[in-house]
Each structure stands twice: as C-alpha cells, then as structure tokens.
Amino acid sequence: MKVELRFSSWREIFHAILEIAKDIRCVFTPDVIVGVLRGGCIPAIILSDLLDVGEVDMMGVGYYVDIAQRKERPTLTRRLSTDIQGKAVLIVDDIADTGGTIRFVVEKLQKENPSDLKVSTVYCKPWAHPKPDFYYEERSEWIIFPWEVKQTVKSLYNRFKGKNLDKVKSVLIEAGIEERVVEEVWGLTEWKA
C-alpha cells in the first residue's frame, strides 16, 4: 500500500478540537455550526459544546469512495434543515485534503446568504486549497479517525483480498491502532479471514 496511514486517537482529537475552539473564540462567534457528514459530525458536536453554540445542523457531501480515492466532484447527499440567512456559520469537517469539499460546501452555503462563513477542520493537508480558516495542524498521511476504523478495516480487507489477510491487521497496527482494537473491530465484521 503506497498511502501512509496514521490513526488519530480520541484523546488526540479532543485536544486538537479544544485548541481549535480557543482559536475560534478569539476571532469568530458562530450562530450556527454546520458539520459535513460523516467526518465532520463529531468534531461539529464537540465544537458546539466548547463554543456554546446550540444550533447545529449537518450537510451531507459525497466525495471520497475509498482511502485516497474520490469521485470526480463532490455531490450533495443531505441538505441543511436550518435557515442560515443572516447568521454567522462555522462549517466543520474532519480534514481538508484537496480542498474540494470545502469549496463545494462554501459555494452551496453562500447561496443561503449567511452574514459570515468560516471553515474549521481538525487537520489540513499541506496541498489543500483552499485552506480552512481554523485547523489544528497539517498532516500529509491518510488519517484514520476513531469514527471510521471499521470502514478502514473493510477497505483494506477489499484491497488485500486473496492475499495474506494478516497484512491488513499489520497495516492497521502500524498506523497506530491498538492490536486489541483491531481484533475487536475485526470481530464485528460479517466476513472472516
């Protein structure tokens, strides 16, 4: 596998989001937080708590189909149910990779006439364009978030099908996921090696 993988633990994620919240608090007061499903859902909820923002909505965007593989362009899979006209909006996602999702969401939401629009991600790739307004740090690896471990297991399983499936486990452990967690997630699958 040519893509370098890195697991980001719950503790690391919470610390990163706490630091992002401090940065946001200094310069921006959102009325509404919009999480980008699926990856931005949990960071959006955490930021809503840390920033005392009660109005949270989710916008679905389909772009990535596998590890480091995406569609030609993002597609809308879920519209907002919140009226954001005249409101300061913070868009939240887990990572800015190419910047394609950010561009897509910002273009869609600007049509709703918010008073202000800012973007926050936990991580940002060095090559992302545009960059989010707020992020914890730049990372070049493919980040495995705690809320997508099984999805990653399934993806690697499909990539290594017909080969040594111990390789799947070793790749995940090498990325930083505890062996016990890999075993437990592996046990939740319908397929067995």
Check Leu117: other-chain or 5+ apart residues with amide H under 5 Å from its amide H, H built from backbone geometry? Val89
Taking R0 as 45 Å and r as the Cβ-Cβ distance between Arg6 and Arg79, the FRET efficiency 1/(1 + (r/R0)^6), rounded to the nearest 0.05, comes to 0.85
Measuring from the longest principal axis of the C-alpha atoms of the chain, the long axis of helix 149-159 (C-alpha) lies at a number of degrees, nearest 10, equal to 50
Residue-normalised 222 nm signal for the chain, counting each DSSP H run of n ≥ 4 as -39,500 (n - 2.57), nearest 500 deg cm²/dmol, is -11000 deg cm²/dmol
Here the percent of antiparallel bridges among DSSP beta bridges lying wholly in segment 1-151, to the nearest 5, is 15
In degrees between 0 and 90, to the nearest 10, how far off the longest principal axis of the chain does helix 41-50 point, with axes built from Cα atoms? 50
Determine, from the Cβ-Cβ distance of Asn113 and Asn158 and an R0 of 45 Å, the FRET efficiency 1/(1 + (r/R0)^6), rounded to the nearest 0.05. 0.55
Scan around Glu55 for amide H atoms under 5 Å from its own, H built in the peptide plane at 1.01 Å from N, and keep only partners 5 or more places away or cross-chain. Ile33
Could you go through segment 6-15 in sequence order and give the Karplus-derived ³J(HN,Hα) for each residue, using 6.51 cos²θ - 1.76 cosθ + 1.60 with θ = phi - 60°, rounded to whole Hz, and x for Gly and Pro? 8, 7, 10, 6, 4, 4, 4, 4, 4, 4
Taking a crude spin-label model, label points 7 Å out from Cα along the C-beta direction, the Phe28 to Val181 distance in nm is 2.8
The chain: relative contact order in percent, alpha carbon pairs under 8 Å with at least 6 residues between: 23
By how many nm would the segment from Ala88 to Glu137 grow when fully extended, if each residue of separation counts as 0.36 nm and the alpha-carbon distance is taken off? 15.2 nm
Under the 0.36 nm per residue contour assumption, what length would be gained going from the current alpha-carbon distance of Lys167 and Trp147 to full extension? 5.0 nm
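Values quoted throughout were computed directly from the atomic coordinates according to the rules given, and no laboratory measurement underlies them. Only a predicted model underlies this, so the values are computations on that prediction, with no experimental measurement involved. FYI the Cβ positions are ideal-geometry reconstructions off the backbone, even for glycines, and counts take in every protein chain you see.
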